[in-house]
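Everything below concerns the one structure shown next.
The values are calculated or read from the model by the stated rules, or taken from the named source; none is laboratory data. As the structure is a prediction and not an experimental result, all values here were calculated from the model. Cβ: placed from backbone, ideal geometry, glycine included. Neighbour counts: every protein chain shown. With ligands, DNA and RNA removed, areas are computed over all heavy atoms of the protein, side chains included. Shrake-Rupley method; radii C 1.70, N 1.55, O 1.52, S 1.80 Å.
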Amino acid sequence: MRFYGLTLAASVAVLGACAGGDKSNAADTVGVATDTAAAAAAPAPATAPAGAAGAVTPAPITGTTHEVKMVGDAKGYRFEPANITVKSGDGIKFSTISGGPHNVAFDPATTPADVKGQLDANMGPDKLGELSSALKMNPGESITISFGNIKPGTYPFHCTPHLAMGMKGVVTVQ
Ligand SMILES: [Cu+2]
């Protein structure tokens, strides 16, 4: 009864910020003017593209931000409302009311492949893992997820710590 099916994939979110342009040796130009062979070593391309390969840019909320409460009390653990319909571009603010920690997690196995990357990017910082938001412990703490650039569909979600207690919901994106 007290079994928490909590698999904390202790994921370290490595935000690859590779800053390149270190030009500290500008004063050390020795000026070796060898005009023999074309010994000019090809300069390494120091311009890293803004969006590294594989990284998806979060899509902002451009519409309405809806509210869903995350509750745990004598009646059980639940999202209120558990079923919510939004438009692509809307957002949902999931707020802890009681009974935390809670989070919002979509199942990578059932989330369409062409939605995963964008939805994962839209779920905010400190995620537990792919499509699994940060935990929110205290009343007043919240997670806001953007459904910007998310195609219409039905997206089941759950709270990772309380999945076994049936804390689940469905977002329908129109
Ligand atoms: Cu929960």
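What FRET efficiency comes out for the pair Lys75/Asn138, r = Cβ-Cβ distance, R0 = 22 Å, nearest 0.05?
Working: r = 20 Å, r/R0 = 0.91.
The computed FRET efficiency comes out at 0.65.
Sequence neighbours fewer than 8 away in the same chain don't count; with that in mind, list the lysines whose C-alpha is under 26 Å from Lys127.
Here the lysines satisfying the reach criterion relative to Lys127 are Lys69, Lys87, Lys93, Lys116, Lys136, Lys151, Lys168.
Grab the Cα-Cα distance for Ala109 and Thr172, subtract it from 0.36 nm times how many residues apart they are, and report the gain in nm with one decimal.
Residue separation times 0.36 nm, minus the Cα-Cα distance, leaves 20.9 nm.
Order Asp120, Asp73, most accessible first, counting only protein heavy atoms with a 1.4 angstrom probe. All intermediate terms of the calculation are to be shown ahead of the outcome.
On the way: Asp120 35, Asp73 70 Å².
I get Asp73, Asp120, largest accessible area first.
Tally Lys/Arg at +1 and Asp/Glu at -1 over every other residue whose Cβ is under 12 Å from the Cβ of Ala109; what's the total?
-1
Out of the DSSP beta bridges found with both residues in region 71-174, what percent are antiparallel (nearest 5)? Mind showing how you got there, number by number?
On the way: 19 of 23 bridges.
Roughly 85 percent of the DSSP beta bridges within region 71-174 come out antiparallel.
For Thr57, what accessible area in Å² do you get when you roll a 1.4 Å probe over the heavy atoms of the protein chains, rounding to the nearest 10?
Rounded to the nearest 10, that gives 100 Å².
For Thr85, which sequence-distant residues (separation of 5 or more, or a different chain) have an amide H within less than 5 Å of its own amide H, given hydrogens modelled in the peptide plane?
Correct list: Thr172.
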